[in-house]
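None of the figures in this text is laboratory data; all of them are computed from the coordinates on show. Here the structure is a predicted model, which is why all the values come from computation and not from measurement. As a convention, Cβ positions derive from the backbone with ideal geometry for all residues, glycine included, and neighbour counts pool all protein chains shown.
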Amino acid sequence: MNKMRTSIMMFSAIMIMAAGSLMAAETRTAGAPSTREMNLLCWQEFQELVPARIDTVLVPLGSLEPHGVIPNGTDNLAPEAMARDIAEKTNALIAPTLNYGLTAAMKGFPGAISISEAAYGPFVEDLLGNLADQKFKNIIVLNGHGGNTAILNQVATRVANRSRVRVLVTNWWTIADDLTKSVFKENGGHAGNNETAYIQAFLPAHIHPERYNKDMAQPAAAPGAYIAVPVTSTIILYEKGQGYPTFDPNQAKEYFRKVNDRMADLVLETIRKWDSSGVYN
């Protein structure tokens, strides 16, 4: 009797697994991607998805440089996590992250790697141009590093006009400026409370409050006041006396959610406006 019951249970389990596999196959056939990450797609599925079902790609770009007591790769990790969080909502694929950028002012610190403008600009231009060649209509650059911005804006303009593709370059910390002030009741900074909180929300094991002290932070110099190379601190506050990391896990989760929602809404609204204007449709 026990053997019969065991056999029935095993048969039922096999049937459930088979049904699950069949449903998964039907879902893939219906057009739902097996993954949103280009790194993990086979070429056949990519061909089925782009551009028939997905015509938007998220491109995380960053840098490797010190950030107070959070990871040196923060400028890569933030846009990468953002891309994964908003890809489904924006119906986009995620391009592999470009983990290096322009950070000459911090090159003297351990672990920092800076790429020259002469190398970085053409590389990114080729990258975006190739994504356009793959028939993406909308290329959304999720930039995690302010030092990249000027070059990215120039490159995006050239690629958009040459390839007749739509390119959006975003700097999340600026787009989320009002959210920073709303959640933390003050301004933020490079490796300040806002950036630290964003990383803490999804990577708490790599945040090191035990290494932090307030003397590590300093306010940014007024434009044109002076320049120190390397910079004298890796926590640079946008306003004096504001933005010191507090490592509050609840604020971190709230901020992460609000920032990502804001970014997804921006992407969708930009695409809607492009579509309604008939730009490169």
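For region 209-254 and region 130-153, what is the centre-to-centre distance using only Cα atoms, to the nearest Å?
Taking the Cα centre of region 130-153 as reference, the centre of region 209-254 is 28 Å away.
Quote the relative contact order of the chain in percent (integer), defining contacts as alpha-carbon pairs under 8 Å separated by 6+ residues.
Numbers: 455 pairs, mean separation 52.4, N = 281.
Here the relative contact order equals 19 percent.
Number of Lys-Lys pairs in the chain under 19 Å by Cα, sequence gap 8 or more or different chains?
13
Over region 135-178, how many percent of alpha carbon pairs lie in each 5 Å bin up to the one with the longest distance?
Using 5 Å bins, I get a P(r) of 5, 22, 29, 22, 13, 7, 2, 0 for region 135-178.
Using the crude model of +1 on Lys and Arg Cβ and -1 on Asp and Glu Cβ, and no other charge, please compute the dipole size for region 36-276 relative to its Cα centre, in debye to 20.
Here the size comes out at about 340 debye.
So how long is each side of the chain along the principal axes, counting just the alpha-carbon atoms, biggest first, in Å?
81, 55, 33
Compute a Gaussian network model of the chain, connecting alpha carbons closer than 10 Å, and tell me which residue from Thr90, Thr103, Thr35 fluctuates the most.
Checking each option, the largest mean-square fluctuation is seen for Thr35.
Name the residue, out of Gln44, Gln200, Gln251, whose mean-square fluctuation peaks in a Gaussian network model built on the chain with Cα pairs under 10 Å.
Maximum fluctuation in the GNM of the chain, among the listed residues, is at Gln44.
Could you tally the net charge around Asn281, taking each other residue with its Cβ under 14 Å from the Cβ of Asn281, Lys/Arg +1 and Asp/Glu -1?
Values: positive: Lys135, Lys137, Arg164, Arg166, Arg272, Lys273; negative: Asp55, Asp275.
Overall, the nearby charge balance is +4.
Could you quote the convex hull projected area for region 119-232, Cα atoms only and averaged over all directions, in nm²?
Working: hull surface 40.1 nm².
Average projection, Cα convex hull of region 119-232: 10.0 nm².
Which of Asp177, Asp215, Asp248 moves the most in a Gaussian network model of the chain with Cα springs under 10 Å?
Asp215
Express the relative contact order of region 127-271 as a whole percentage, based on alpha carbon pairs under 8 Å and six or more residues apart in sequence.
Details: 181 pairs, mean separation 36.7, N = 145.
Across region 127-271, relative contact order equals 25 percent.
Give me the distance in nm between label points sitting 7 Å out from Cα along the Cα-to-Cβ direction at Gln154 and Ser276, one decimal.
3.4 nm
Describe numerically, in nm with one decimal, the distance between label points set 7 Å from Cα along Cα→Cβ at Ile175 and at Gln134.
2.0 nm
Over region 69-197, what relative contact order in percent results from Cα pairs under 8 Å that are six or more residues apart? Present the calculation step by step, with values, prior to reporting the outcome.
Values: 126 pairs, mean separation 27.2, N = 129.
It rounds to 21 percent for region 69-197.
For region 63-125, run through the GluC sites (Glu not before Pro) and keep only the ones in DSSP coil with at most 12 other Cβ atoms within 10 Å of their Cβ. Write down the numbers at each step before the final one.
Details: sites: Glu80, Glu88, Glu117, Glu125; in loops: Glu88.
Here the GluC sites (Glu not before Pro) that fit, given the DSSP loop and packing criteria, are Glu88.
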